[in-house]
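The structure under discussion appears below in the form of structure tokens.
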Amino acid sequence: MNGARPTPCPCGSGATYVECCGRWHGDANPGAGSPPPAPSAEALMRSRYSAFVLGRVDYLLASWHPDTRPTGLQLEPGTRWLGLDVRAAREAGEHATVEFVARSKRDGRATRLHEVSHFVRMDGCWFYRDGDLKT
């Protein structure tokens with residue numbers, strides 16, 4: 001044993017990154033081809049939060065619905081993500097919503113993003129479509 005402690009998943013699930021969002025990012029079994037799709041809209045939302053924490057723009061774009069996906073994405077440099085609170089997750093057939101609060105800090109200023117995200121399942125894979133910000 002090398003003595004290294006497993007890295008907790010940034011999404012706050014309590015699992016390790018490899019056991020949780022790392023599976024969907026493809027980091028759990030590198031070189032094994034395409035990673036499996038997240039099994040639920042909530043799992044996809046958590047994996048997208050972890051992708052923001054880890055700077056995985058590739059994953060964020062790939063998990064965005066093609067109808068609303070931007071051509072590129074620039075993450076805010078210096079943002080430190082502090083935590084995720086999933087408030088509710090609802091699936092109804094091929095559509096789902098996930099309400100969450102994500103906390104971050106940038107340039108010494110704390111912020112929180114409260115959103116209800118909309119997801120669509122296509123060909124067995126969940127995709128982020130868009131979101132409504134809450135105040």
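Just so you know, all these numbers are worked out from the coordinates, no wet-lab data involved. Because the structure is a prediction, the values reported are computed rather than measured. Glycine also receives a Cβ, built like all others from the backbone with ideal geometry; neighbour counts cover every protein chain displayed.
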Given (1) surrounded by 18 or more Cβ atoms within 10 Å (Cβ to Cβ); (2) within 18 Å of Ala51 (Cβ to Cβ), index of the condition Glu99 fails: (2)
Could you list, in sequence order, the residues of the stretch 45-104 that are closer than 17 Å to Cys11 by Cα, part of a loop (DSSP other than H, G, I, E, B) and of a type in the set (S, T, N, Q)? Ser63, Thr79
So if I check each of Arg106, Arg46, Arg80, which one is surrounded by 17 or more Cβ atoms within 10 Å (Cβ to Cβ), in contact (Cβ under 8 Å) with a residue 24 or more places away in the chain and of a type in the set (Lys, Arg)? Arg46
Select from the stretch 105-132 the residues that are over 16 Å from the mean Cα position of the chain (by Cα) and closer than 22 Å to Pro10 by Cα and list them in ascending order. Lys105, Arg106, Asp107, Gly108, Arg109, Ala110, Thr111
All positions within the stretch 56-84 that are out of contact with any helix residue (DSSP H, G or I) (no Cβ under 7 Å at 6 or more places or on another chain) and aromatic (Phe, Trp, Tyr): Trp64
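Results for (1) within 20 Å of Thr7 (Cβ to Cβ); (2) touching a Gly at 6+ places or on another chain (Cβ under 9 Å); (3) surrounded by fewer than 14 Cβ atoms within 10 Å (Cβ to Cβ), shown as yes or no for each residue.
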position: Asp27; (1), (2), (3): yes, no, no
position: Ser63; (1), (2), (3): no, no, no
position: Arg69; (1), (2), (3): no, no, no
position: Leu73; (1), (2), (3): no, no, yes
position: His114; (1), (2), (3): no, no, no
position: His118; (1), (2), (3): no, yes, no
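Is one or more of the residues making up the stretch 8-23 closer than 20 Å to Asp130 by Cα, without any contact (Cβ under 8 Å) to a residue 24 or more places away in the chain and not in a loop (DSSP other than H, G, I, E, B)?
As a first pass, look at the stretch 8-23 and keep what is closer than 20 Å to Asp130 by Cα: 11.
So of that shortlist, the ones also without any contact (Cβ under 8 Å) to a residue 24 or more places away in the chain come out as none.
No, the stretch 8-23 contains no residue that is closer than 20 Å to Asp130 by Cα, without any contact (Cβ under 8 Å) to a residue 24 or more places away in the chain and not in a loop (DSSP other than H, G, I, E, B).
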